[in-house]
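The block underneath contains the structure these notes are about, expressed in structure tokens.
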Amino acid sequence: MSKKEPFDFNIGLPVINEDTEFFPLLSQQDEDEMSNADLPETLAILPLRNTVLFPGVVIPITVGRDKSIKLVKEAYKGSDVIGVVSQTNMSIEDPSFDELHKIGTVASVIKVLQMPDGNTTVIIQGMQRFKLIELIETEPYIKAKVERFVELKPKTNSKEFKALISSIKELALQIINLSPNLPSEAGIAIKNIESPTFLVNFISSNLALDTESKQNLLETKDFVKRAKMLLEHLTTEIQMLELKNQIQNKVRVDLDKQQRDYFLNQQLKTIQEELGGNSPDLEIEELNLRAKSKKWPEDVNKHFTKELEKLMRINPAAADYSIQLNYLELLLDLPWRHYTKDNFDLNRAVKILDKDHYGLDKVKQRIIEYLAVLKLKNDMKAPILCLVGPPGVGKTSLGKSIAKALGRKYTRMALGGIHDEAEIRGHRKTYIGAMPGRIIQSIKKAGSSNPVFVLDEIDKIGSDFKGDPSSALLEVLDPEQNTNFYDHYVEMEYDLSKVMFIATANSLNSIQPALLDRMEIIEVNGYTIEEKIEIAKKHLLPKQREMHGLKVKDVALKPKVTEKIIEEYTRESGVRGLEKRIGSIVRGIATRIVMEKPYNASVTEADVEEILGAPIFDKDLYENNEVAGIVTGLAWTSVGGDILFIESSLSPGKGKLMLTGNLGDVMKESASIAMAYLRSNSELFGIDYKLFDQWDVNIHVPAGATPKDGPSAGITMLTALTSLFTQRKVKEKLAMTGEITLRGRVLPVGGIKEKILAAKRANIKEIILSKSNKKDILEIKEDYIKDLKFHYVSEMSEVIELALLDKKVKNAKNLVVVA
């Protein structure tokens, strides 16, 4: 098809739509004449973003896409025709074949101009309609198979047709006269158009219609029907213009601030569109589209619709507009009724939990039980688990493993130091800088309504004049209440019942009782030396090797070497300190490799001391019981178990009891009870009761700067006093823990596993416990405690019999003892 020059293309009507450089040009060439030309079977397709090309009309367009620039330049050089088709969605940058309308216009490329600003402007002329049949190729641009789109011709001699065309022309001229922005030359151009077909196409191209309406006109086969549709649009447009003119004629006063803001905002809207930004109308349209795709409760949908209507009434320049917009976006971002599917493969879950964490059998068993019940019932309120234990035992990382085993999303919220209730429940929207609570924020971030949600350090929540966050958590962690969790910012109830909350804590003492009652407590105790060796082998060393760029062959730790690191360089229930020490060793090896110095890939004990320095802890330091009145006790601390020495001494006096070592009230009471029991049962232990009034007793617990409290040292203090007054030696490598009463009963205490670990670290061989603590020992694997001997007692007399030897210590004081 040869290129044709347009007629009078320098005369055109400015178009009131979204294309700044869209000025359709006038051509008297009739579509009937152009349609006689042959239509190729295939056409290169040029997508138009926000306009429609009509046959006979000449328009300049700015081409920005690389594909489109290549297409028009090749067509211009080869004098080829192209297919021009409008996109179904103007926001798509690179539309596919399915995202194009199926009816378009064959176009001839008249001119390709390179503008001073770097843009490429193309002048094209529509020729005839066509229909897309199928896609042929997409590179370097879209090519498609096409066929002619035949129009139903009208009876041009009928009076009705002539009246219709005349009405269209008259209304178009009236619009030009009523619009001050349109040049008078446009009216002259329309008067000179003789072809009815071109007249309808020309006015359709110039009329201020949206792209969809213009596409409907282009796709209408029946010319008379198309002309009537155009007449309706013209009638609507002229009514709007007349109404505007009436309002302007009635109101000739200075614009008040609100009107001035409105017009400025309209100008700002246009500028934003030119710069590529979103106008308020587009934002509201986008919110509407997103809302239609949401599967949320009906009450939430009604609330959203109401709030969206409120947004439409707010001036976009007002501060409230952005606040309301942020609120609506939050409602859309929340995963209402969106749940991930749980993986009920219990064998897979067991493998994942065993792979990620060594030991922790009780926790793993609880998770497997939850999965089993959920699989059978298929609808179960998630449990609220609270993992309690010393630092470094894997409480937080266990949450990730549980999420992986369940196939759920994972989110974590650190509660340490939180003292504002709004952090949990959110702020009311009326406040400046209002935000939803961190519970809702975390749910939004997770993207589902049933994630594994870790509440880290729940025992470290604070409270002040801003509220009590732990009280706000009562609703979150109550399975009977959290189906309707209310966030002040959201102002809607949100269902948290499917969320699996896992809280972590180092101690239960500071947790509010009501909050504690809502959680299922699972103790995550410290690890034995054997467990730590396995953890170092399977997890810590591989992790450190990967972090420091070493391979498996570069560094290895034998169990004996790992045991040395554990016993002489760490003192903890967890493995955090052990990981740091292994990291130091790996860095030492990495340094030797880089500096090309000789090193042992299998690290020896000598290498450990060379890299880490001299041992920090000496377990042999705690084995000396040669002096009467010194007993080894077992204590629980926030970082695990530890051994505790009770030292006692006598000095002439009047029976005064002195306690030193930064002791708490409970421990002081234990010392007083021990002294009272010993005085009342002096004959039982062969002590002259007069001695209590002739000697002062001083009980000291070393590490005086460290606060100590608790009832666990009761039997230790009584043993120390008995050893002191009888001058009988305490057994070597013996430790004990238990609470006492005035009647001499031995009561159970907590933290048994941590205390046992501390005893093993100190090379203790025998341990005295209350009979009621026997169940705690049964929960520890036999292999880990095979070298320990346990004595279970219920009376203090049994403790003295087990702990004290019959022989007196060397250099015993000359105390009067009843034979």
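Quick note: the coordinates plus some simple rules give every number you see, no bench work behind them. Keep in mind the model is a prediction, meaning the values are calculated, not measured. Here Cβ is always computed from backbone atoms with ideal geometry, including for glycine, and neighbour counts include all displayed protein chains.
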Quick one: Cα centre-to-centre distance for region 452-490 and region 48-97, in angstrom? 57 Å
For the chain, what does the helix formula give at 222 nm: sum of -39500 (n - 2.57) over DSSP H segments with n ≥ 4, over the residue count, nearest 500 deg cm²/dmol? -12500 deg cm²/dmol
Bridge type composition, region 671-819 - antiparallel percent by DSSP, nearest 5: 35 percent
Check: the chain dipole with +1 on Lys, Arg Cβ and -1 on Asp, Glu Cβ, in debye: 2120 debye
Distance check, please: which entries in 580/765; 395/558; 460/774; 294/445; 375/498; 153/228 exceed 20 angstrom between their Cα atoms? 580/765; 395/558; 460/774
On a straight-distance basis, which aspartates and glutamates could pair with residue 597 in a cross-link, Cα separation under 20 angstrom, same-chain partners fewer than 8 positions away excluded? 554, 605, 607, 609, 610
Kindly state, as a whole number, the per residue volume in cubic angstrom of the convex hull around the alpha carbon atoms of region 346-522. 111 Å³
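Just want to confirm a number: the relative contact order over region 159-249, from Cα pairs under 8 angstrom separated by 6+ residues, in percent.
Working: 50 pairs, mean separation 35.4, N = 91.
Averaging sequence separation for qualifying contacts and normalising by length gives 39 percent for region 159-249.
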Count the lysine pairs in region 604-715 whose Cα atoms sit under 16 Å apart, keeping only pairs 8 or more residues apart in sequence or on different chains. 4
Which of (i) 260; (ii) 273; (iii) 165 is the computed volume of the Cα convex hull per residue in Å³? It is (i)
Can you grab the distance from the C-alpha centre of region 767-785 to the C-alpha centre of region 689-709, Å, no decimals? 30 Å
Karplus-derived HN-Hα couplings along region 181-188 (A = 6.51, B = -1.76, C = 1.60, θ = phi - 60°), whole Hz, x at Gly and Pro: 7, 8, x, 5, 4, 5, x, 4
Contact order normalised by residue count of the chain, Cα under 8 Å, 6+ apart, percent: 7 percent
Whole-Hz ³J(HN,Hα) from phi, Karplus 6.51 cos²θ - 1.76 cosθ + 1.60, for region 592-607, glycine and proline x: 5, 5, 5, 7, 6, 9, x, 7, 9, 5, 8, 4, 9, 5, 5, 4
Non-local residues with an amide H under 5 Å from the amide H of residue 110, with H modelled 1.01 Å from N and Pro and chain starts lacking one, are 123, 124, 125
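Over all pairs of distinct alpha carbons, what does the Kirkwood formula give as the hydrodynamic radius of region 272-333, in Å? List each step's numbers first, then the result.
Values: mean 1/r = 0.0819 Å⁻¹.
Across region 272-333, the inverse of the average 1/r is 12.2 Å.
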Using amide H atoms built in the peptide plane, which far-off residues or other-chain residues are under 5 Å from residue 492 H to H? 487
With θ set to phi - 60°, apply the Karplus curve 6.51 cos²θ - 1.76 cosθ + 1.60 along region 315-328 and write out the HN-Hα couplings as whole Hz, x wherever there is a Gly or Pro. 5, x, 7, 6, 5, 5, 5, 5, 4, 5, 5, 4, 5, 5
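Roughly what % of DSSP beta bridges within the chain run antiparallel, to the nearest 5?
Working: 55 of 96 bridges.
Of all bridge pairs located within the chain, approximately 55 percent are antiparallel.
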Amide hydrogen neighbours beyond the local backbone of residue 467, cut-off 5 Å, H modeled: 421
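Report the gain in length on full extension from residue 507 to residue 137: 0.36 nm times residue separation, minus Cα-Cα distance, nm rounded to one decimal. Walk me through the numbers before you get to the answer.
Values: separation 370, 0.36 × 370 = 133.20 nm, distance 6.72 nm.
Using 0.36 nm per residue and subtracting the Cα-Cα distance, I get 126.5 nm.
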What ranking do 750-758, 769-777, 98-106 get when scored by the average of other Cβ atoms within 10 Å per residue, highest first? 750-758, 98-106, 769-777
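Kindly state, to the nearest 0.05, the FRET efficiency for residue 543 paired with residue 348, given R0 = 30 Å and r defined as their beta-carbon distance. Let's see the in-between values first.
On the way: r = 23 Å, r/R0 = 0.76.
E between residue 543 and residue 348, to the nearest 0.05, is 0.85.
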I want the local charge near residue 170. Using Cβ-Cβ distances under 14 Å, sum +1 for each Lys or Arg and -1 for each Asp or Glu among the other residues. +2
